[in-house]
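Some notes on the structure that comes next.
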């Protein structure tokens, strides 16, 4: 016994609201060459039927709508009821095939049997034959319906080995009382199942959050290790700076963040970037500054300052 999903159950309910509505999905396949006999086609379908177990089950509704419909094994399953044979009237063209297709599709599937039919159609022009597949929407969707052709037919002229024969006897069909009791028990246990599902979802969320925090901490540790490995100048070590001769130091726009041009005797002119000063540079004097540990030719940010002396 298998319970229908909410979506599949909605198809059944929508069909029940209007007796003239059919929720069957149909497709047609046209083949070249002579058609197989009915017995040959029936035997071929019987060999592949174990690959589609749902084709041996029928739909049962729960009394008083205590739960969604269920699939139960049909103890009286008859393959000949589902595999049918017909022929087109002359000339057997596309118009006659469309009329047959419309007549087959508009007939509702009987709920007392598994909800599918195959029609073997003969009499097509140019020596062809056709197969009409008709399945209820609650069993399959449109894409799955076309994929069933891959189960019924072979992909090459060489026949594939038949599946194992399922000779198990179908269990007895449950009564309406059994279906009602089962639906009532499921309804009573539904809050407990939902609570467990919520707990699993919260636990999964906590695990994801823990993994994300763990990964962030690992990345931060790796970043700190990389920063420690970077070479830094020794604390208190001073790099030689060019000495400005008296009267040769020139200030530009005095105050913080100025550039000082210095010339030393016999050396090429260089440029020192002063980031902050304790006083104004005067010719022939020496002051304490916060400067970069090397000579730069442009501006820099104040956050990268180190203490030094000029």
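Throughout, read-outs are computed from the coordinates displayed, never taken from laboratory work. Everything numeric in this text was worked out from a predicted model, so none of it was measured. Methodologically, a virtual Cβ is constructed for each residue, glycine included, from the backbone with ideal geometry; neighbour enumeration extends over all protein chains shown.
Data overview
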| quantity | calculated |
| --- | --- |
| Mean projected area (nm²) of the alpha-carbon convex hull when segment 1-102 is viewed from all directions | 9.1 |
| Exposure proxy order (Cβ contacts within 10 Å, fewest to most) of 5, 22 | 5, 22 |
| Dimensionless Rg/Rh of segment 2-190 - Kirkwood Rh, Rg from C-alpha atoms | 1.01 |
| Neighbour-count order for 39, 15, fewest beta carbons within 10 angstrom listed first | 39, 15 |
| Percent of beta bridges antiparallel (DSSP, segment 66-191, rounded to nearest 5) | 60 |
| Ranked 117, 2, criterion: other C-beta atoms within 10 Å, fewest first | 2, 117 |
| For segment 25-128: relative contact order, % (alpha-carbon pairs under 8 angstrom, 6 or more apart) | 36 |
| Inter-label distance, nm, simple model (7 Å from Cα along the C-beta direction), residue 217/residue 7 | 4.2 |
